[in-house]
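Note sheet for the following structure.
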Amino acid sequence: MITSVLVANRGEIACRIFRTCRELGIRTVAVHSDPDANALHTRVADTAVRLPGAAPADTYLRADLIVKAAVAAGADAVHPGYGFLSENADFARAVLDAGLVWIGPPPAAIEAMASKTRAKQLMGIAPLADVTPADLPVLVKAAAGGGGRGMRVVRRLEDLDPALSSARAEAASAFGDGEVFVEPYVEDGRHVEVQILADTHGTVWALGTRDCSLQRRHQKVIEEAPAPGLSDELTRQLHDLAVRAARAVDYVGAGTVEFLVADGRAHFLEMNTRLQVEHPVTEAVFGLDLVAEQIRIAEGAALDDEPPRARGHAVEARLYAEDPARDWTPQTGTLHRLSLTPSVRLDTGYESGDPIPVHYDPMLAKVVAHAPTRAEAVRKLAGALEGATLHGPTTNRDLLVNSLRHKEFTTGRMDTGFYDRHLAELVGGTGDPYAPLAAALADAVGRSRFGGFRNLHSTPQTKRYEMAGEEHEVRYRHTRHGLEADGVRVLHTDASGVVLEVEGVQRKFEVTRYGDQLYVGGVSLTALPRFADPTAQHTPGSLLAPMPGTVVRVADGLTEGSAVEAGQPLLWLEAMKMEHKITAPAAGRLSELHAVPGRQVTVGELLAVVQPT
């Protein structure tokens, strides 16, 4: 009987596993890097063990340190979560060799399926050996791990070698394994997967289907169960293939078999020998706790002959600290407040006031809605996200809401090319036009003890804010009747809220301030100084670091004085376990180059200067 579990992971998944352990009466042990010393998963565990290491991003890849931590803390079992070492057979063996229970599949099954190249061979599919123009487009893919890391679409033969090099570097950083392979790229397919659960007594469950087609950079953004619009025959085929894959390697525990579905046909992608990020939608539909089932199976319990019946529909959205309008750039800073209606499930590794570190994936939370029908579940999730209180760095919240309400999604006709086609329209919002005025009025009350009234008619007060990348200037007056502004009637103002009457309709605005950052409802604004700071200006053509990170490489042959073309890749930053390409803003000459491989940079730091021709 398992009494204490160490989770070899961090953030949201560690917190989620700890929640189930607490419900089962099992003690919990967390491990943490130095930046995670006060992270939520560290705070909520019964015991925490520091993992020493100079590179925080690699700390959770140290199998030896994690096993040593489990033994030292008195844990009798290890759960790997997802990512990091979750699909590493050597880590599973090390856990077992230490006399601990491994809450996962046998190492031999991990070895057979965790390498996507070997998994495809097992299913009778061979990756491409020599790529010719006739094979294009192709997909370069990391053999180990997942989450979109180490993946590149190649449409021109001359781009293949750079894509292989970049994918290898990213895969090695994320998974400690730089092996990659090449396969045909299926355009406009749907990403459909099957959750499996297998015990040590020969029973294998296929727990419905999930659709994970809405992806950015090959990483899932919105998932749902069951996958809409599949025929009964295709669903049975997917279930049969998934069970066949599990039985082929004597699989035990929770796993996922992934497919691309196009033209009514299923194309095998891979088997993930771990719990998936999107597992909550299956839990909601089948009324299961998959982590509890993993623990029961690890203890030797048998599954029933048949799985429970599916009920209703569930949809999950991944809330990221990133800016979709700026090439999905990850964001860091303080998450001042995160709050959603209790009618949806919230899985997160953060609490209000927590910092968002640069070293790890930028996912803040997963939000899950369950309802009797798909339409109700989608509406429920969109409403919960729209009404969420999110104070902190830029997030993809508006993108999620707009995606859930897009006709292509609501009618179930989406595919993996959804964001390639619709991103511009989904991130094109400019915010509430009255938000800057509400911010100014609340700020005026909060900063003035006497309200600023003068007996003489005064000139308007002026304030400037940046909202959605645009500058807004607003004006108001202090009068004997209170604050006034042109075009609206001010019904109420205090430091935390404003009520305006606009064309006969009352509009209520909740206002919160953190330094120069203000939040009016769901809109973020930055208070701008009255006069611009001339010292803050940069030379035209300056390339500034969009995020904190590490310079991983500079384009071959690039030196000061080099001629460059508009859009030409100049250098690559690694942040939050992903590579981010920095390109030339215009054709010209590289007059300055400050980026050096291995250099740590902060937001806004000067990387290079391109002098336009």
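Nothing in this text is a laboratory measurement; each read-out follows from the coordinates by a stated rule. Keep in mind it's a predicted model, so treat the numbers as computed, not measured. Because the Cβ atoms are built from the backbone with ideal geometry, glycine has one as well, and the counts that use them run over all protein chains shown.
Taking the longest Cα principal axis of the chain as reference, the axis of helix 63-73 is set at about 90 degrees.
The slack between R311 and R217, meaning 0.36 nm per residue of separation minus the straight C-alpha distance, is 30.7 nm.
Dipole orientation for the chain: of the candidates V564, P228, G392, G392 has the Cα lying most toward the positive pole (charges on Cβ; Lys, Arg +1; Asp, Glu -1). Among the listed pairs K141/K407; K220/K407; K141/K220; K380/K407; K68/K120; K68/K220, those with a Cα-Cα distance over 25 Å are K141/K407; K68/K120; K68/K220.
Protection proxy ranking, highest mean first, for peptides 465-477, 509-521: 509-521, 465-477, where packing is the per-residue count of other beta-carbon atoms within 10 Å, averaged.
Using a Förster distance of 45 angstrom, determine the FRET efficiency expected from the C-beta separation of Q121 and T373, and round it to 0.05.
0.65
For segment 190-426, the Cβ-based charge dipole about the Cα centre amounts to some 560 debye (Lys, Arg positive; Asp, Glu negative; other atoms uncharged). This model, with +1 at the C-beta of Lys and Arg and -1 at the C-beta of Asp and Glu, gives the chain a dipole about its Cα centre of some 1520 debye. For segment 435-527, averaging the sequence separation of C-alpha pairs within contact (under 8 Å, six or more residues apart) and dividing by the residue count gives a relative contact order of 28 percent. With the simple model of a label 7 Å out from the Cα in the direction of the Cβ, V505 to L128 spans 5.2 nm. Angle of helix 160-175 to the longest C-alpha principal axis of the chain, folded into 0 to 90 degrees and rounded to 10: 80°.
The phi-based Karplus calculation (6.51 cos²θ - 1.76 cosθ + 1.60; θ = phi - 60°) puts the 3J(HN,Hα) values of segment 75-83 at 6, 10, 8, 10, 10, x, x, 10, x Hz, whole numbers, x for Gly and Pro.
Starting from the Cα-Cα distance between A292 and E473, subtract it from 0.36 nm times their residue separation and give me the gain in nm to one decimal. Working shown, then result.
Details: separation 181, 0.36 × 181 = 65.16 nm, distance 5.47 nm.
Contour length minus the Cα-Cα distance gives 59.7 nm.
For the peptides 393-399, 487-493, 10-16, the ranking by mean Cβ contacts within 10 Å, running from highest to lowest, is 10-16, 393-399, 487-493. In a simple Cβ point-charge model (Lys, Arg +1; Asp, Glu -1; nothing else charged), segment 435-527 has a dipole of about 460 debye relative to its Cα centre.
When the Cα positions of V277, A298, L157 are compared along the charge dipole of the chain, V277 comes out farthest toward the positive end, with charges on each C-beta of Lys, Arg, Asp and Glu. Note: relative contact order over segment 190-426, using C-alpha pairs below 8 Å and six or more positions apart, is 20 percent.
Taking the average, over residues, of other Cβ atoms within 10 Å as the packing measure, peptides 76-89, 340-353 rank 76-89, 340-353 from highest down. Backbone phi angles across segment 258-272, fed through the Karplus curve with coefficients 6.51, -1.76 and 1.60 (θ = phi - 60°), yield HN-Hα couplings of 10, 9, 9, 10, 8, 6, x, 10, 9, 10, 5, 9, 5, 10, 9 Hz in residue order; Gly and Pro are listed as x.
Relative contact order of the chain, please, whole-number percent, based on alpha carbon pairs below 8 angstrom and at least 6 residues apart.
9 percent
For segment 133-247, what class follows from the C-alpha gyration tensor (a ≥ b ≥ c being the square roots of its eigenvalues): rounded when a/c is under 1.5, otherwise prolate if a/b is larger than b/c, else oblate? Taking the square roots of the gyration eigenvalues as a ≥ b ≥ c, segment 133-247 is prolate. Over the chain, DSSP H runs of length four or greater, each weighted -39,500 (n - 2.57), average out per residue to a 222 nm ellipticity of -7500 deg cm²/dmol.
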